[in-house]
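K.L.:
The structure's right below; bear with me while I get my questions together.
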Amino acid sequence: MAFITLLLVGFMAGILARLFVPGSNRMGWFPTLLLGLAGSLVGGFIGKLFEGKLEVTATGIFGSVIGAVILLLIYQAASASRTPA
């Protein structure tokens, strides 16, 4: 049951991140899920930095969305620099 909850939270975080970040975020459901899951790890790492502990853990929906937004902004910046003007 915890695995299904992790997948649902990751997918919701990916969807919310895509809604919050402007621009063309064309990706299917699987990349959105991966974005949310990776965002959960990034959000957990950032949360642990503020606590003073340097361990990476999964975090809640709020931290997952923040992490996913950060990753999506990095992805957009990297892909914009590769496309010719």
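Just so you know, all these numbers are worked out from the coordinates, no wet-lab data involved. All of these numbers come straight from a predicted model, not from anything done at the bench. When we count neighbours, we look across all protein chains shown, and the Cβ atoms used for this are built from the backbone with ideal geometry, even at glycine.
K.L.:
If I stretch the segment between residue 1 and residue 19 completely, what's the gain in nm (0.36 nm per residue apart, minus their alpha carbon distance), one decimal? List each step's numbers first, then the result.
P.N.:
Numbers: separation 18, 0.36 × 18 = 6.48 nm, distance 2.72 nm.
The span from residue 1 to residue 19 would gain 3.8 nm if fully extended.
K.L.:
Let me ask you something else. Compute the length gained on full extension between residue 51 and residue 8: take 0.36 nm times their separation in residues and subtract their Cα-Cα distance, giving the result in nm to one decimal.
P.N.:
12.8 nm
K.L.:
If you count, for each residue, the other Cβ atoms within 10 Å and average over each peptide, how do 23-33, 7-17, 69-79 line up from highest to lowest?
P.N.:
On the way: 23-33: 12.5, 7-17: 20.3, 69-79: 14.9.
Sorting 23-33, 7-17, 69-79 by mean packing, highest first, produces 7-17, 69-79, 23-33.
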